[in-house]
Amino acid sequence: MFSLAGKVALITGGSRGLGRADALALARAGADIVITDILLESDVDEKALKSSVVGQALRKEGIVYAEQTAAEIRQLGRRAAAYKMDVTDREQIARVVTKVIKEFGHIDILVNNAAMLDHVATIENQDEALWERDLRINLTGAYYCAKAVWPYMKEQRWGRIVNMASVAGTMGGFGQASYSSTKAGVIGLTKSLALEGARYQITSNAIVPGIIGTEAWKKGDPKMNERMIARTAFRQPGEPADVAHAVVFLASEEAKYITGIELYVSGGIELFTF
Ligand SMILES: NC(=O)c1ccc[n+]([C@@H]2O[C@H](COP(=O)([O-])OP(=O)(O)OC[C@H]3O[C@@H](n4cnc5c(N)ncnc54)[C@H](O)[C@@H]3O)[C@@H](O)[C@H]2O)c1
């Protein structure tokens with residue numbers, strides 16, 4: 001079950017955290033992997049980092065390991081590449097997709113994982129620039145990437161789109177107006193693509209993670225993190241692999257009749273916990 005042998009998966013924001021775990025799990029299931037991220041280790045330009053809001057946030061959170069992950073995947077016997085791709089840049093996306101088609105032959109699985117999670121402020125303190133940034137990366141980025149791979153999936157009459165949403169998108173999040181709005185939008189996008197993709201055997205599903213102990217999450221406010229754990233039924237954060245296993249399932253042939261769903265990988269944070 002769940003063999004992805006012969007499939008090619010493209011993961012956005014795949015250098016660390018959940019994206020990296022997804023890449024490794026998809027590779028273990030047999031897929032060839034293209035990891036994309038806004039930055040690659042070999043291409044870190046300190047000056048450019050300092051001059052951009054995203055760059056500053058990434059530097060603060062600890063940079064990325066896309067190329068290292070691709071090397072690990074090659075050791076598993078799969079083909080793997082790491083490409084720089086900013087999901088807000090349609091031209092970069094088009095270039096990468098063309099390159100993947102040329103070098104790997106096809107794209108079967110898209111994991112829309114790239115996002116920024118760090119804009120936490122109550123509504124009167126939400127920063128307009130960061131609101132716009134979050135929309136552009138977390139929501140428009142997913143739309144651009146889906147649109148770029150769609151013609152190839154449509155032509156081959158097979159595709160799997162897995163979008164990373166969040167419980168912030170289904171439940172709201174205190175101090176997370178921009179983030180939760182983008183994640184609610186991702187769920188809308190997922191369902192529309194599910195309806196349009198069905199005739200081409202393209203499925204589109206959202207994963208709704210709760211609290212997963214990634215580097216990015218650990219950098220959050222410790223008190224807020226503690227409160228989130230306290231209201232999770234399992235009383236502990238999930239592991240990146242918990243999400244990655246759900247991605248492998250949704251990408252598999254076995255999940256061919258599942259589309260448009262919100263699959264919670266949340267340890268029960270949405271339940272009435274007391
Ligand atoms: N960790 C959690 O608890 C949690 C919970 C719910 C949802 N999620 C979602 O899971 C996904 C991964 O989260 P994570 O915790 O691994 O965070 P993360 O910050 O480690 O991963 C996000 C990745 O996106 C990349 N990225 C940022 N802007 C980009 C851009 N413009 N173009 C391309 N790549 C870009 C970053 O470099 C990073 O590698 C996100 O969509 C997040 O919203 C995480």
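Of note:
- Ranking A25, Y65, G210 by how far each Cα lies toward the positive end of the dipole of the chain (charges on Cβ) leaves A25 at the top.
- Dipole moment magnitude, nearest 20 debye, the stretch 164-274 about Cα centre, only Lys, Arg, Asp, Glu C-beta charged: 280 debye
- Measuring between their Cα centroids, the stretch 154-168 and the stretch 95-137 lie 14 Å from each other.
- For the stretch 59-154, the relative contact order comes to 30 percent (Cα pairs under 8 Å, sequence separation of at least 6).
- Each Lys and Arg adds +1 at its Cβ and each Asp and Glu adds -1 at its Cβ; summed about the Cα centre, the chain shows a dipole of about 460 debye.
- Carbon plus sulfur fraction of accessible area for the chain, probe 1.4 Å, in percent: 55 percent
- Whole-number percent relative contact order across the chain, with pairs defined as alpha carbons under 8 Å at least 6 apart: 20 percent
- Equivalent ellipsoid semi-axes - Cα gyration tensor, the chain, angstrom: 27, 22, 18
- Shape of the stretch 139-204, Cα gyration tensor, a/c cut at 1.5: prolate
- The order of H245, H106 by accessible area, most exposed first and with a 1.4 Å probe, is H245, H106.
- Which listed pairs, of K102/K191; K154/K256; K84/K147; K7/K256; K102/K154; K50/K84, have C-alpha distances above 22 Å, in listed order: K102/K191
- Two tests apply to each whole DSSP H helix in the chain, Cα reach of 18 Å or more along its axis and mean Kyte-Doolittle hydropathy of at least 0.0, and the ones passing both are 177-197.
- Cα gyration tensor, the stretch 203-270 - rounded (a/c under 1.5), prolate or oblate: prolate
- Cβ-Cβ FRET estimate between E91 and S192, R0 fixed at 35 Å, reported to 0.05: 0.90
- Helical content of the chain, expressed as a calculated mean residue ellipticity at 222 nm, amounts to -13500 deg cm²/dmol (DSSP H runs of 4 or more residues, -39,500 (n - 2.57) each, divided by residue number, nearest 500).
The values are calculated or read from the model by the stated rules, or taken from the named source; none is laboratory data. Worth saying up front: this structure is predicted, and the values here are computed from it rather than measured. All Cβ positions, even for glycine, are placed from backbone atoms using ideal geometry, and neighbour counts span all protein chains on display. The protein model used for the area step is the full one, side chains on, heavy atoms only, and it has no ligands, DNA or RNA in it. Shrake-Rupley method; radii C 1.70, N 1.55, O 1.52, S 1.80 Å.
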